[in-house]
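Worksheet: the structure to be examined is printed underneath.
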Amino acid sequence: MLGFLGRRVLTLLFTLFAASVVVFTVLEVLPGDPALLMLGTEAREDTLAALRSQMGLDRPAPVRYLDWVGGALTGDFGTSYTYKMPVAKLIGDRLAVTAPLALFALALSTALAIPLGMLAAVRHNRIGDWGVMGFSQLGLAVPSFWVGIMLIWLFALQLGWFGAGGFPGWSAGWGRALHALVLPAVALALTEAAILARIVRSAMLETMREDYVRTARAKGLSKGQVLRRHVLRNALIPVATIVGLQFGFLMAGAVVVENVFTLPGLGRLAFQAIAQRDLIVVKNVVVLLAAIVVTVNFLVDVVYAVIDPRPKQAG
């Protein structure tokens with residue numbers, strides 16, 4: 001087990017290092033002057049030189065990379081050129097929106113997908129199965145931003161049950177804040193629910209073919225007892241790993257939905273920073289999202305190794 005964890009930790013660290021190098025290279029080393037991109041072509045040369053010095057662009061690239069990584073390890077992500085405030089505070093404020101949104105969407109997708117996947121497996125090759133597979137195909141085909149726009153049109157503009165966008169903040173009360181996240185969470189959850197429902201269905205069908213399930217039926221257990229005691233518990237082991245991975249994808253994939261609903265999250269911050277050429281913000285947000293995805297993958301591997309010893313034995 002220790003060897004398995006050691007290999008996973010090394011993989012985690014190497015992946016984070018590679019992600020930081022790639023992001024740094026793309027944003028700062030490739031041809032192009034970040035100061036000129038920020039200030040525009042009409043900026044005076046002395047103004048450009050002052051900004052280059054302020055951003056450390058007059059130093060060698062390896063030194064700038066080490067300074068950035070060293071600062072990030074101590075919690076100093078630099079200062080935003082556009083917002084004139086520490087990037088760490090910007091990210092912290094926006095993370096307080098994106099993380100609850102991702103958790104909300106994950107809870108909705110899981111609550112919807114598991115019953116649908118079970119129904120499809122139990123009703124295999126019948127109407128219930130066809131209906132769930134049709135929903136799954138539709139969920140995979142329709143982009144989340146279009147779902148978000150349709151939700152705004154129906155529930156905000158036509159029915160008036162929700163606002164068309166914006167976020168009142170957690171200081172306004174949990175009820176109002178969660179109410180503002182319902183539509184974007186649904187828009188994010190549908191695609192993930194479509195994926196997860198197919199996985200639940202496949203896992204249950206595979207488990208239902210195992211010998212121990214046939215033995216349980218031969219002992220006289222009812223169909224419901226077999227499903228609850230043997231099929232569902234074992235089928236949910238691989239499903240649990242997918243649910244963990246989906247949280248990372250939801251954190252990183254909320255960019256478009258946050259812009260559709262004008263939510264002040266990490267995705268919208270990254271979009272605005274790109275538009276304003278605030279490269280220090282873009283660099284840190286992208287690496288943070290990559291770190292979240294990689295860390296969640298690592299935790300999923302550890303959890304899977306605990307509940308199912310086969311991965312560590314194979315390693």
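Readers should treat all values here as calculations from the given coordinates under stated rules, not as data from a laboratory. What you see is a predicted model, and the numbers here were worked out from it, not measured in a lab. Every residue, glycine among them, receives a Cβ derived from its backbone with ideal geometry; neighbour counts consider all protein chains shown.
Compute the FRET efficiency between THR11 and MET150 as 1/(1 + (r/R0)^6), taking r as their Cβ-Cβ distance and R0 = 51 Å, and round to the nearest 0.05.
After rounding, the FRET efficiency stands at 0.80.
Stick to the Cα atoms of the range 90-220, pair each with every other, and give me the Kirkwood hydrodynamic radius in Å at one decimal.
Evaluated on the range 90-220, it is 16.7 Å.
Could you give me D for the range 48-125, from Stokes-Einstein at 4 °C and 1.567 mPa s, where the hydrodynamic radius is the Kirkwood radius over C-alpha pairs? Units µm² s⁻¹, please.
Translational D for this selection: 78 µm²/s.
Compare THR191, THR47, THR110 in a GNM of the chain, Cα atoms joined below 10 Å, and give the one with the largest fluctuation.
Comparing THR191, THR47, THR110 in the GNM, the peak value goes to THR47.
Using the 2.2 N^0.38 Å rule of thumb for compact globular proteins, work out how the range 1-139 stacks up: its C-alpha Rg over that value, please.
The range 1-139 yields a ratio of 1.67.
Could you name the aspartates and glutamates in cross-link range of LYS84, using Cα to Cα under 16 Å and dropping any fewer than eight places away on the same chain?
ASP76, ASP93, ASP278
Apply the Karplus parameterisation 6.51 cos²θ - 1.76 cosθ + 1.60, with θ equal to phi minus 60°, to every residue of the range 102-116 and state each ³J(HN,Hα) to the nearest whole Hz, in sequence, with x for glycine and proline.
So the J values, rounded to whole Hz, are 5, 5, 4, 5, 5, 5, 5, 5, 5, 5, 8, 6, 5, x, 5.
Work out the P(r) tail for the range 232-296: percent of alpha carbon pairs separated by more than 18 Å, whole number.
When all Cα pairs of the range 232-296 are counted, 46 percent exceed 18 Å.
So which trypsin sites (Lys or Arg not before Pro) in the range 102-186 end up in coil per DSSP with only 16 or fewer other C-beta atoms within 10 Å?
Here the trypsin sites (Lys or Arg not before Pro) that fit, given the DSSP loop and packing criteria, are ARG123, ARG126.
Between LEU140, ILE127, GLY71, whose Cα lies farthest towards the positive end of the dipole of the range 54-143 when Lys and Arg beta carbons carry +1 and Asp and Glu beta carbons carry -1, centred on the Cα centre?
Toward the positive end, the furthest listed residue is ILE127.
Using Rg and Dmax of the Cα atoms in Å as the read-out, say which of [x] 20.0, 60; [y] 23.8, 86; [z] 22.3, 70 was calculated from these coordinates.
Of the labelled values, this structure produces [y].
Pick from GLU42, GLU210, GLU28 the residue whose mean-square fluctuation is largest in a GNM of the chain, springs joining Cα atoms under 10 Å.
With Cα springs under 10 Å in the chain, the top fluctuation among GLU42, GLU210, GLU28 is at GLU42.
Between the DSSP loop rule and a limit of at most 14 other Cβ atoms within 10 Å, which trypsin sites (Lys or Arg not before Pro) in the range 15-113 are left?
ARG44, LYS84
If you average the C-alpha positions of the range 63-116 and of the range 233-273 separately, how far apart do those two centres end up, in angstrom?
Taking the Cα centre of each part, the range 63-116 and the range 233-273 sit 12 Å apart.
With θ taken as phi - 60° and the coefficients 6.51, -1.76 and 1.60, list the Karplus ³J(HN,Hα) couplings across the range 127-138 in order, rounded to whole Hz; mark glycine and proline as x.
So the J values, rounded to whole Hz, are 4, x, 5, 5, x, 5, 5, x, 4, 4, 4, 5.
For the range 142-193, what are Rg and Dmax over the alpha carbons, in angstrom?
For the range 142-193, the Cα-based Rg and Dmax read 11.3, 34 Å.
Please list the non-local residues whose amide H lies under 5 Å from the amide H of THR79, H modeled 1.01 Å from N, same-chain partners needing a gap of 5 or more.
The list, which skips near neighbours in sequence, is VAL87.
Would you kindly calculate the translational diffusion coefficient of the range 165-214, applying Stokes-Einstein with the Kirkwood radius from alpha carbon pairs, for 25 °C and a viscosity of 0.890 mPa s, and quote it in µm² s⁻¹ without decimals?
Answer, rounded: 178 µm²/s.
So which trypsin sites (Lys or Arg not before Pro) in the range 196-282 end up in coil per DSSP with only 10 or fewer other C-beta atoms within 10 Å?
Answer in residue order: ARG209, LYS219.
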